[in-house]
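Have a look at the structure below before the remarks.
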Amino acid sequence: MKTKLLLIEDELDLADNIKSILELNEFDVTTAQDGAMGITLAKQIIPDIIISDILMPKKSGYEVLEVLSKDEKTSHIPFIFLTAKVEHKDLRKGMELGADDYIFKPFQSRELINAVNARLKRANLMKSKAFDGNEENVNRYKQDDNIILTINKYSNIIKVNKIIYIVAERQYSKVVLSDGKSALLRKSLIYWESILPSSLFIRVHRNTIINVLEVSSITKKSDGKYKTIMKQSGLEFEISRRYMKKLRELFLV
């Protein structure tokens with residue numbers, strides 16, 4: 001059975017192009033020309049995923065998401081915004097309403113398909129597995145997925161692989177990015193371990209998670225313990241014995 005997708009877009013030429021791309025990739029696409037029609041169709045067909053423009057007649061994409069998120073029959077549906085708007089306030093509003101992702105105009109066909117498939121995969125995992133602390137039951141991002149972080153009170157869309165390391169700071173975690181910026185969030189390292197790709201991010205200490213692609217070297221200290229040296233900053237992190245085995249496998253230490 002084909003995956004049902006609802007596309008809500010008032011620009012008819014763009015909607016036709018997107019529909020063609022999706023149908024070539026085996027999606028069963030229903031289109032709506034405005035937000036009000038989108039709400040009606042979503043409740044009628046209960047699609048597997050929704051892509052919606054933001055600025056539309058009758059009901060905006062925000063209003064569509066708000067209405068559907070309050071209905072038990074539609075609240076679980078992954079929702080992707082298709083937009084040319086990149087203001088921080090717009091990202092924040094979408095986050096607060098529960099948007100799963102943004103696709104920015106203009107976009108490539110592969111970018112569209114990858115975003116849709118990624119959200120469907122995450123939704124399917126959420127249906128079939130409840131996170132209980134075991135790695136095999138985790139619903140994870142891929143390294144090229146987007147994640148939204150609040151930096152200096154503004155929302156920023158960041159590629160997961162741009163995270164260099166994460167350190168625990170009491171009840172918070174500090175997420176440091178490749179451009180030197182950082183975000184302080186009220187999240188535990190256990191949370192980050194549960195959503196980040198385990199092939200890319202590794203806990204090296206009870207207080208530290210690192211991006212293995214950003215490791216310059218692993219060296220042995222005079223006391224017999226090991227440390228990682230990061231490429232960009234030269235920052236060093238001690239490696240706890242309990243986490244050394246996986247790093248040995250990766251770096252052949």
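The values are calculated or read from the model by the stated rules, or taken from the named source; none is laboratory data. Keep in mind it's a predicted model, so treat the numbers as computed, not measured. Heads up, the Cβs are rebuilt from the backbone with ideal geometry, glycines too, and the neighbour counts pull from every protein chain shown.
Arg206 meets each of the listed conditions (1) closer than 20 Å to Thr150 by Cα; (2) touching a strand residue (DSSP E or B) at 6+ places or on another chain (Cβ under 8 Å) apart from (1). Six or more apart or on different chains, Cβ under 7 Å: which pairs go from a residue in segment 49-70 that's on the phi > 0 side of the Ramachandran plot to one that's surrounded by fewer than 23 Cβ atoms within 10 Å (Cβ to Cβ) and in a helix (DSSP H, G or I)? Could you list them? That search, which allows pairs on different chains as well, returns Lys58/Ala36.
Looking only at residues in segment 219-245 that are free of Cβ contacts under 8 Å to residues at least 60 places away in the same chain and closer than 16 Å to Leu200 by Cβ, the one that is surrounded by the most Cβ atoms within 10 Å (Cβ to Cβ) is Thr228. The single condition among (1) at pLDDT below 75; (2) in a helix (DSSP H, G or I) that Asn161 does not meet is (1). Scanning segment 75-114 for residues that are assigned to a helix (DSSP H, G or I) and modelled with pLDDT of 65 or more yields Ser109, Arg110, Glu111, Leu112, Ile113, Asn114.
Inside segment 150-184, residues that are surrounded by 15 or more Cβ atoms within 10 Å (Cβ to Cβ) and farther than 21 Å from Asn114 by Cα make up a count of 15. Exactly one residue out of Ser216, Ser178 is hydroxyl-bearing (Ser, Thr, Tyr), more than 16 Å from Asn146 (Cα to Cα) and either at pLDDT 90 or above or not assigned by TED's automatic domain parsing to the domain that holds Ala123 (or both): that is Ser216. When the residues of segment 181-203 are filtered to those that are modelled with pLDDT under 85, outside any helix (DSSP H, G or I) and among the small types (Gly, Ala, Ser), the one that is farthest from Arg140 (Cα to Cα) is Ser188.
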